[in-house]
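Each value in this text was obtained by applying a stated rule to the coordinates, not by laboratory testing. Owing to the predicted nature of the structure, the values given are computational and were not obtained by experimental measurement. With ideal geometry, Cβ positions are generated from the backbone for all residues, glycine too; neighbour counts draw on all protein chains shown.
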Amino acid sequence: MKNISFRLVCSLALLFTFSCLNAQDLNKVYKKVVDGVAIIEVTEHEIVGKSDHKQEVSVSGLGTGFLVDEHHLMTAAHVVQTAESILIHFRDGESIPADVAAISKTADVALLKLNWAKKNPTIIELGDSDKMEVGNQVFIIGAPLGLTYSFSSGYISGKQKSNKISNALVSLEFFQTDAAINRGNSGGPMFNTKGQVVGIVSYILSQSGGFEGIGFAATSNIAKEVLYNEGLIWTGIDGYMLTGDMAKIFNLPQANGMLVQKVVLLSPMGLLGVKGGTVKSVIEDEPILLGGDIILAINGIKIATDEASINKLAEALKAREGEQPKLELTVLRAGEEVVLKN
């Protein structure tokens, strides 16, 4: 009995020692990478009130990002998609304005360019997400509910293939994780135990609105593919795809269209004169803004959901070296087709 008790105590001691060493190792990795993580402060315009009491107000929000070189950060697309201004706050107290350099809404990843280079930058290495397996340990740094540079850890719970594809026809993949994710974590880095980013925090599944152990992060390899290889410009709009019965309800002259929700004033689409929605509504339990332009075509290419059309639209929206692409939009506005050009 004494031998059994002794062995049990030794086993527990070894397990406790292993857990402590593991925690210490993660603490070392955290300290190595945390200065490369940044808090993203955005401001955007929202419609508040109803009927004659509606007004447009400026609201602010927080997200997280990380330095991939001295000039650029990665984050989630939904953090900056309709931002009128973006300010990056670093842990050493330096703050730098930034602009969107490339973005993929379907993959929910974005590349930001700082207005000037970060001094003494801590560059975060992008790892190979294809090497990650279910059960591998990961940790996340972010600003959940405004609590900056918070650490949470967990495991890869699954690999989820999206039924969507990116604009370059890349099949999208997300890591499922039980590491705690809350509002403010969006766009933050998911690290492996070596301190390499293998995912970019995207969204959670929740019935309560808070974290319930099911979070998702876009994989680093997909982020590299869509941001570095596609070269898509930031359009500055958020849209709602109209297809099937919805296209008929809105009396579209074609099978599909993009109902514009929000437009950033000084974005490429904003400068073209594209108008966003002003009337709040709910369709199929999803909040939506009505009254905005419906984009029917870009550079003569009709808005559609088939792979060939998506590829052509992506080519039309690709940035050329040193210049923005020429754009010609056909939009449905108050029942009339209007052409907008830059």
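Quote the Stokes-Einstein diffusion coefficient, in whole µm² s⁻¹, for region 237-341, based on the Kirkwood radius over alpha carbon pairs, a temperature of 25 °C and a viscosity of 0.890 mPa s.
Rounded to a whole number, D works out at 173 µm²/s.
How many nm separate the modelled label positions at residue 70 and residue 50, each set 7 Å beyond the Cα in the direction of the Cβ?
Those two pseudo-labels are separated by 5.5 nm.
Between residue 92 and residue 337, what is the spin-label point distance in nm, taking each point 7 Å from the Cα along the Cα→C-beta axis?
Computed distance between label sites residue 92 and residue 337 equals 5.6 nm.
If region 34-114 were replaced by its equivalent ellipsoid, with semi-axes equal to the square roots of 5 times the Cα gyration tensor eigenvalues, what would those be, largest first, whole Å?
27, 14, 9
Between 97, 67, 111, whose Cα lies farthest towards the positive end of the dipole of region 34-114 when Lys and Arg beta carbons carry +1 and Asp and Glu beta carbons carry -1, centred on the Cα centre?
111
Quote the FRET efficiency, to the nearest 0.05, computed for residue 59 versus residue 281 with a Förster distance R0 of 22 Å and r equal to the Cβ-Cβ distance.
Calculated value: 0.65.
Which order do peptides 136-146, 191-201 fall in by mean Cβ count within 10 Å, highest first?
In decreasing order of mean packing, 136-146, 191-201 become 191-201, 136-146.
For a protection proxy built on the mean count of beta-carbon atoms within 10 angstrom, sort 63-75, 28-40 highest first, please.
Most protected by this proxy first, the peptides run 63-75, 28-40.
Lysines within cross-link reach of residue 131: Cα-Cα under 17 Å, excluding same-chain residues under 8 positions apart?
159, 161, 194, 224
So how far apart, in nm, are the two label points at residue 299 and residue 249 if each is 7 Å from Cα heading toward Cβ?
3.3
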